[in-house]
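S.K.: Submitted below is the structure of interest, expressed as structure tokens.
Please treat every number below as a calculation from the coordinates, not as lab data. Quantities reported herein were computed from a predicted structural model and do not represent experimental measurements. Note: ideal-geometry Cβ built from the backbone for every residue, glycine included; neighbour counts use all protein chains shown.
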Amino acid sequence: MHILITAGPTREPLDPVRFISNRSTGKMGFALAKVAAEAGHVVTLIAGPVTLETPARVRRIDVETAGQMLEAVQREMQACDVFISCAAVADWRPAVCSVTKLKKSEMPGVLQLVRNLDILETVRPLKGHRCFVGFAAETGNPEQEGMRKLRDKGLDWLVANDVTEPGAGFAVDTNRVILFSSDGREERLPLLPKVEVARRILACVQTSFTSAGMV
Ligand code: CTP
């Protein structure tokens, strides 16, 4: 299979030295890329700004903003069978980005933000036979929010976790997730290394392909 994965945060600049972003380090997305490549799949990894090394035999495309990530996904979508949207895409960006560094005297007391497009929703018309997998990093209620995002974003699988649980948040090498599928399956995994979580996610994706007769 050809698997397209997004990973890491995006950065939304305010000026050449400041940005808004989030705590994602890209570990889960990079673990998925590593495990998929080791299993013999063709892997394209679209990465936000992270400090991780590219796994062997993975084609990596670096981006910074949500807009750039969307463009890269749109460009790469045609060639893929599976799209795993693991990135913590910034939902908002500053309404204005100054080309020069803002002096503190010029800084607005209130920052005006505009909504970024939702990447999964934007590329949904291109889905066709492809398997789409999304993530939901929640602070409480991962079941309810996970099911909502599975439905609202038209996904085949949704991987939900509660980032406030010990060992399951950002910047750690373990995760505890629940997988929900559009055909009603639910898999609750124990706390596991992210590479093992990645293996289980890929196994689930594989079952969707097998049941659709597309191995
Ligand atoms: N996502 C996306 N484009 C965005 C934001 C999120 O494609 N602009 C994807 C993420 O990669 C993830 C899924 O949507 O697979 C859920 O992301 P999340 O931030 O949890 O959801 P939101 O849609 O931002 O919902 P909310 O803010 O209501 O929690």
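S.K.: Of the residues P94, P190, which single one is surrounded by fewer than 19 Cβ atoms within 10 Å (Cβ to Cβ) and more than 17 Å from P9 (Cα to Cα)?
M.R.: Within the list P94, P190, the selection yields P190.
S.K.: Kindly indicate whether any position in segment 99-109 is farther than 30 Å from A39 by Cα, touching a strand residue (DSSP E or B) at 6+ places or on another chain (Cβ under 6 Å) and either part of a loop (DSSP other than H, G, I, E, B) or of a type in the set (D, E) (or both). It would help to see each step written out before you state the result.
M.R.: First, the residues of segment 99-109 that are farther than 30 Å from A39 by Cα: 99-109.
Checking the rest, the ones that are also touching a strand residue (DSSP E or B) at 6+ places or on another chain (Cβ under 6 Å) come to 101-102.
Filter once more, keeping what is either part of a loop (DSSP other than H, G, I, E, B) or of a type in the set (D, E) (or both): 101-102.
Within segment 99-109 (the criterion being farther than 30 Å from A39 by Cα, touching a strand residue (DSSP E or B) at 6+ places or on another chain (Cβ under 6 Å) and either part of a loop (DSSP other than H, G, I, E, B) or of a type in the set (D, E) (or both)), the answer is yes, since at least one residue qualifies.
S.K.: Select, from A37, A33, A79, A56, the only residue that is among the aliphatic types (A, V, I, L, M), touching a strand residue (DSSP E or B) at 6+ places or on another chain (Cβ under 9 Å) and in a loop (DSSP other than H, G, I, E, B).
M.R.: Numbers: A37 fails: in a loop (DSSP other than H, G, I, E, B); A33 fails: in a loop (DSSP other than H, G, I, E, B); A56 fails: touching a strand residue (DSSP E or B) at 6+ places or on another chain (Cβ under 9 Å).
Matching residue, one of A37, A33, A79, A56: A79.
S.K.: Scanning for something within 12 Å of T6 (Cβ to Cβ), buried (at least 16 other Cβ atoms within 10 Å of the Cβ) and out of contact with any strand residue (DSSP E or B) (no Cβ under 6 Å at 6 or more places or on another chain), does segment 117-139 turn up at least one residue?
M.R.: yes
S.K.: Looking at R124, R148, R188, which one is out of contact with any Pro (no Cβ under 8 Å at 6 or more places or on another chain), within 12 Å of the ligand (Cβ to nearest atom) and free of Cβ contacts under 8 Å to residues at least 12 places away in the same chain?
M.R.: R148
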